[in-house]
Amino acid sequence: MDEGDEIDVECAGVLTSHSQDVKMVTWHPKEDILASASYDDTIKIHKHDENDGDWSTVATLTGHTSTVWGIDFSGDGKKLASCSADKTVKIWTNLGKMNEWVCLTTISGFHSRPIYSISWNKKSDLIATGCGDNHVRIFQEKSGQNELDQGLYDHIFQMKVGDWDVNHVVWNPMTTDLLASASDSQDVNVWRWVDELGVY
């Protein structure tokens with residue numbers, strides 16, 4: 001496209017359901033669904049109506065007690081992970097309809113400062129977090145068949161990334177053993193995840 005060419009862009013929707021700053025948005029991997037995280041301590045689920053083209057807020061997820069900085073859907077879109085300045089990660093599960101979400105579990109006690117970012121590996125199901133305590137951490141759902149273990153997550157790895165806040169983490173969607181992190185150090189680091197049996 002040459003400089004000066006006209007580009008037609010239109011605003012397809014404005015969602016005003018949050019009461020304070022919106023910190024992040026993320027798309028559902030399989031449906032025309034958008035999730036947003038806010039300084040108002042909530043997560044909102046927004047759905048597009050194919051018939052009239054409008055967007056509407058269909059669910060509000062409450063439970064965090066401070067700013068929700070990051071959110072990410074699981075690969076199948078049935079779960080949503082969130083991280084917050086309250087130093088917790090919450091895993092939300094969908095009950096079959098996009099307006100029905102419940103908190104499956106809360107992961108706490110591992111982060112000593114606000115958690116700024118979360119990324120769900122769409123292949124391995126590992127969850128990575130980036131925190132203000134300068135660490136990247138990895139969590140994995142328990143594999144036990146015991147009903148008491150269902151929906152619970154193990155903290156399986158942590159790594160200090162220099163002396164600066166980790167502002168963002170994201171798994172590579174194509175080469176899914178690669179994790180990138182960004183921090184106040186002005187650096188971007190790329191990490192390769194290797195489990196006990198080798199690279200994913």
> Out of all the residues in region 173-191, which are polar (S, T, N, Q) and either buried (at least 16 other Cβ atoms within 10 Å of the Cβ) or over 16 Å from Gly75 (Cα atoms) (or both)?
Replying inline: Thr176, Ser181, Ser183, Ser185, Gln186, Asn189
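Yes/no per residue for (1) at pLDDT below 95; (2) polar (S, T, N, Q); (3) in contact with a Leu (Cβ under 6 Å, 6 or more places away or on another chain):
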residue	(1), (2), (3)
Lys87	no, no, no
Trp92	no, no, yes
Leu95	yes, no, no
Ile107	no, no, no
Arg113	no, no, no
Ala128	no, no, yes
Gly132	no, no, no
>> Val68 - would you say it is touching a Leu at 6+ places or on another chain (Cβ under 9 Å) and surrounded by fewer than 16 Cβ atoms within 10 Å (Cβ to Cβ)?
In response: no
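The values are calculated or read from the model by the stated rules, or taken from the named source; none is laboratory data. Small disclaimer: the values here were computed from a predicted structure and weren't measured. Heads up, the Cβs are rebuilt from the backbone with ideal geometry, glycines too, and the neighbour counts pull from every protein chain shown.
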